[in-house]
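Report on one structure; see the data block that follows.
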Amino acid sequence: MKEQKNPKGMHIDQHVVDNDNKVMTTNDGVPVYDNNNTLKAGDRGPSLQQDHVFFDKLMHFDRERIPERVVHARGSGAHGVFEATADMSAYTTAAFLKKGAVTPVFTRFSTVAGFKGSTDLARDVRGFSVKFYTEEGNYDLVGNNIPVFFIQDAMNFPDLVHAVKPEPNNEIPQAASAHDTFWDFMSLMPEAAHMTMWTMSDRAIPRSLRMMEGFGVHTFKFVNAKGKGTFVKFHWKPRLGVHSVAWNEAQKISGFDADFHRRDLWEAIENGDFPQWDLGVQLVPEEDEMKFSFDILDPTKIIPEELVPVQIIGTMTLNRNPENFFAETEQAAFDPGRVVPGVDFSDDPLLQGRIFSYMDTQNYRLGGPNFHELPINRPINGKHNNQKDGFSRMDIPKGAVSYFPNSKAEGCPYHAMLKGETGYQSHKQPIDASKVRARSDSFADHFTQARLFFNSQSPEEQEHIISAYSFELSKVNDVNVRRRELAILNQVDQNLAKKVGDNLGLVPPKKLDELTLKFARQNHPEYPIQPKKPEVEKSEALSMKVKPGEGTIKSRKVAFLVDDGVNQSSVDRMKRQLEKEGAMAVLIASHVGKIKYQEGGEVEVQHSYLTDASVLYDAFYTPDGDSVKKLADNPDYLQFINEGYRHCKALAFAKGAEELAKRSFIAKDKGVIFESSDNLTDDFIQVMKEHRVWEREKPRKVPA
Ligand code: HDE
């Protein structure tokens, strides 16, 4: 990969503190003589009130925690660059989108419901926030890995979050939507039907943060130099393709490595495997606002790519890990209200609510209005205004003037208009309306796109969705809630509802529940309203299986299952080929430290069957050698390969190791590769490129 440096020497570097060869000091810079002992009256005596060194240390320690984000508390971040690759000047004046512009970025990925210390592998939406430090100020694209949302109006957001978070009486369950209050709320909000199809799909359990799409969700607006607006939807397309784990894997990964995604992102960047996403846009001329069967202001709808294709306009590369998690990732303050000239909001009522909430929450979470001055949040072009004071002010403004207009500072800082500069100007959208608290009936079709999503999935993906609904609703205790949600599913797809119903021992009701209808009619008195005929019934872009990415195995982890006596050339041959393709070979044995090669000599092993599990790997290779006898009697090894098989991953066996496959549930298929009959390395790599052997799921249910 082309070496990408962050341009402009990333402005936060000047704040990085290097302790190398420095004496420890108090917060006032006083050298500390002894960092082990408090000041006492005699070495066995009571501590003294005057121990300013100790108090300095404890005072700071006692205040180390700040409130975690109310949603998206668990996250991982990285620095990088965005390079604009298309001429967008017909649509937007945004400087960072000028062809060839290179802009530093900071990106944070997150889960939504779990607390800060919760598992990465929760079934959940992933946040996908990008802060562009542009030369016209910071632009935050605060999106998700799912292109729609649960609700249509910001007013319902606190309720949605209260419903999904652990229940308030016993604070159970952590980072999970599989409980009564969430599905109670969902089953009363038919507008959530489309989004839950996505969250019950494998999209909600990504293989890696590097392998997920990102979406701006709402429709935004580009504004060009003539002041003309164009509606725009943003898409991030990962160069590594879109891949997920299976739910059975996700649950186990949560136990073996709750930091799985965080570690994966960190290690990839440390290894120089810089993840990349192309930024795509769907553009809709203002004149076409009303031309679709759905409302483009409704955040529970996508614009199918068949109707408006995605054009690629740039690439983001994440190439630098933070120096310090708290200072950067935790203190990063994202805000969809932070837009730059050339980008504006649409009237999506969910987006409109977000414009208030983020700034408000940062004020609370980061302790006052000066959070913009934290290194991670500072704009690179500097900030100049007359705002002053407040908790933890870091800037030191010069002079006596902090008001406008003024003569004493020659009217500075001046606003752009004064000198004929453009500055930020809102799109001059005409508005002629009455003030109402209401929901447009153009938002009332809740099931057509949920159906579009389900119909666009491969049979295996559909089965996973059915299993996920069945799992979640089985965890719900209230049978009325189960039945109500089943009635919603029945509106989407009868086969889906029937199969979920079978797993719950319930027959799907034909009609929506009376309570659901009652709530829907609060927004739409005539509900249900006959939907318009959709433009498309299927969209390939919605299935992960149909588009397995670039067909690369770059940065994939392959477990080499070895032990003392393994044949070195059998290891090296495969390792060389995999590394040529950019994959990682990881040796796993019954103990860490050194193991012996059959040919003599030793090799260092960092992972053992004790600490690692098959769910942490993408594929498995068992080399030849005396190690095979040991593996045959090792239940942990057999568990490894069985589980890998169950999860539809590629398994390769060197000639002398093929017998091991027979000591398990493994049956020969295109993903079980034998050296004696197949083209060992090429076939192995080819199957890995396809991510999983989906066909294996059906015929053979394997215990794991
Ligand atoms: Fe957020 N959301 N949200 N959200 N959201 C927050 O801001 C909110 C919504 C998203 O990495 C909070 O700093 C409201 C949609 C991400 O730091 C808070 C509404 C989408 C992140 C907040 C929404 C998102 C947040 C909590 C409905 C996808 C993490 C902490 C009107 C487009 C940002 C914080 C990060 C975080 C409010 C709905 C994405 C409370 C009121 C839709 C990725 O301000």
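Which of the numbered conditions does G353 fail, given that it passes all the others? Conditions: (1) in contact (Cβ under 8 Å) with a residue 60 or more places away in the chain; (2) within 16 Å of the ligand (Cβ to nearest atom); (3) surrounded by 18 or more Cβ atoms within 10 Å (Cβ to Cβ).
(3)
Can you report the number of residues in the stretch 98-123 which are within 12 Å of the ligand (Cβ to nearest atom) and more than 16 Å from A178 (Cα to Cα)?
Looking only at that region, the number is 6.
Out of Y617, Y597, report the one residue that is in contact with a helix residue (DSSP H, G or I) (Cβ under 9 Å, 6 or more places away or on another chain), hydroxyl-bearing (S, T, Y), over 20 Å from D257 (Cβ atoms) and not assigned by TED's automatic domain parsing to the domain that holds E249.
Exactly one of Y617, Y597 is in contact with a helix residue (DSSP H, G or I) (Cβ under 9 Å, 6 or more places away or on another chain), hydroxyl-bearing (S, T, Y), over 20 Å from D257 (Cβ atoms) and not assigned by TED's automatic domain parsing to the domain that holds E249, namely Y597.
Of G337, G367, G342, G411, which residue is over 17 Å from S129 (Cβ atoms), in contact with a helix residue (DSSP H, G or I) (Cβ under 8 Å, 6 or more places away or on another chain) and in the same structural domain as D87 (by TED's automatic domain parsing)?
After applying the criteria, what remains is G342.
How about the stretch 140-202: which helices (runs of 4 or more DSSP H) wholly inside it have at least 1 residues that are more than 14 Å from the ligand (Cβ to nearest atom)?
Per the criteria, 180-188, 193-199.
Residues being more than 15 Å from the ligand (Cβ to nearest atom), in contact (Cβ under 8 Å) with a residue 60 or more places away in the chain and of a type in the set (D, E, K, R): count how many of those fall in the stretch 356-382.
Adding up the residues that qualify gives 1.
Has the stretch 404-419 got any residue that is free of Cβ contacts under 8 Å to residues at least 24 places away in the same chain and within 35 Å of the chain's Cα centre (by Cα)?
no
Within the stretch 587-606, count every residue that is surrounded by 17 or more Cβ atoms within 10 Å (Cβ to Cβ) and under 20 Å from N271 (Cβ atoms).
3
Restricting attention to the stretch 316-347, which residues are more than 26 Å from T85 (Cβ to Cβ), more than 9 Å from the ligand (Cβ to nearest atom) and assigned to a loop (DSSP other than H, G, I, E, B)?
P322, E323, N324, Q331, G337, D347
Please find, among N490, N503, the residue that is surrounded by fewer than 17 Cβ atoms within 10 Å (Cβ to Cβ), modelled with pLDDT of 95 or more and part of a helix (DSSP H, G or I).
Exactly one residue qualifies, and that residue is N503.
Are any of the residues in the stretch 67-88 exposed (fewer than 15 other Cβ atoms within 10 Å of the Cβ), at pLDDT 95 or above, touching a Lys or Arg at 6+ places or on another chain (Cβ under 6 Å) and closer than 30 Å to D360 by Cβ?
Yes: the stretch 67-88 contains one or more residues that are exposed (fewer than 15 other Cβ atoms within 10 Å of the Cβ), at pLDDT 95 or above, touching a Lys or Arg at 6+ places or on another chain (Cβ under 6 Å) and closer than 30 Å to D360 by Cβ.
Take the residues in the stretch 50-97 that are among the aromatic types (F, W, Y) and within 20 Å of S129 (Cα to Cα); name whichever of them is nearest to the ligand (Cβ to nearest atom).
Only one residue fits best here, namely F82.
Step by step: first the residues of the stretch 517-545, then only those that are outside any loop (DSSP other than H, G, I, E, B) and buried (at least 21 other Cβ atoms within 10 Å of the Cβ), then the one that is nearest to the chain's Cα centre (by Cα). Which residue is that?
The selected residue is L542.
Go through (1) in a helix (DSSP H, G or I); (2) more than 16 Å from the ligand (Cβ to nearest atom) one by one and return the number of the condition R262 breaks.
Among (1) in a helix (DSSP H, G or I); (2) more than 16 Å from the ligand (Cβ to nearest atom), the lone unmet condition for R262 is (2).
Looking only at the stretch 407-416, decide whether some residue is open to solvent by less than 30 Å² (accessible area, probe 1.4 Å) and farther than 30 Å from K698 by Cα.
Looking for residues that are open to solvent by less than 30 Å² (accessible area, probe 1.4 Å) and farther than 30 Å from K698 by Cα, one finds at least one in the stretch 407-416, hence yes.
Looking at (1) open to solvent by 10 Å² or more (accessible area, probe 1.4 Å); (2) part of a helix (DSSP H, G or I), can you tell me which one F454 breaks?
(1)
Yes/no per residue for (1) out of contact with any Asp or Glu (no Cβ under 6 Å at 6 or more places or on another chain); (2) without any contact (Cβ under 8 Å) to a residue 60 or more places away in the chain:
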residue	(1), (2)
I431	yes, yes
S434	yes, yes
S442	no, no
D445	yes, no
L452	yes, no
Y469	yes, no
V476	no, no
N480	yes, yes
R484	no, no
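Give H464, H524 a once-over and let me know the one that is in contact (Cβ under 8 Å) with a residue 40 or more places away in the chain and closer than 30 Å to I641 by Cβ.
H464
For the list (1) in contact with a His (Cβ under 9 Å, 6 or more places away or on another chain); (2) surrounded by 20 or more Cβ atoms within 10 Å (Cβ to Cβ), I need the number of the one condition that E167 fails.
Failed condition: (2).
For the stretch 144-159, which residues satisfy the criterion of being of a type in the set (A, V, I, L, M, F, W, C), within 30 Å of W277 (Cβ to Cβ) and open to solvent by 10 Å² or more (accessible area, probe 1.4 Å)?
F149, F150, A154, F157
I'd like the residue in the stretch 287-308 that is open to solvent by 60 Å² or more (accessible area, probe 1.4 Å) and either in contact with a Phe, Trp or Tyr (Cβ under 7 Å, 6 or more places away or on another chain) or acidic (D, E) (or both) and, out of all such residues, is farthest from the ligand (Cβ to nearest atom).
If we take residues in the stretch 287-308 being open to solvent by 60 Å² or more (accessible area, probe 1.4 Å) and either in contact with a Phe, Trp or Tyr (Cβ under 7 Å, 6 or more places away or on another chain) or acidic (D, E) (or both), then E287 is farthest from the ligand (Cβ to nearest atom).
So is H52 assigned by TED's automatic domain parsing to the domain that holds N321 and touching a strand residue (DSSP E or B) at 6+ places or on another chain (Cβ under 8 Å) or not?
Taking the combined requirement at face value, the residue does not satisfy it.
Looking for something of a type in the set (S, T, Y), within 16 Å of the ligand (Cβ to nearest atom) and outside any strand (DSSP E or B) - is there at least one such residue anywhere in the stretch 249-256?
No, because not a single residue in the stretch 249-256 is of a type in the set (S, T, Y), within 16 Å of the ligand (Cβ to nearest atom) and outside any strand (DSSP E or B).
The values are calculated or read from the model by the stated rules, or taken from the named source; none is laboratory data. What you are looking at is a predicted structure, and each value in this text was computed from that prediction instead of being measured. Note that we place each Cβ from the backbone using ideal geometry, even for glycine, and neighbour counts take in every protein chain shown. Accessible surface is based on the protein model in full, side chains and every heavy atom, while ligands, DNA and RNA are left aside. Shrake-Rupley method; radii C 1.70, N 1.55, O 1.52, S 1.80 Å.
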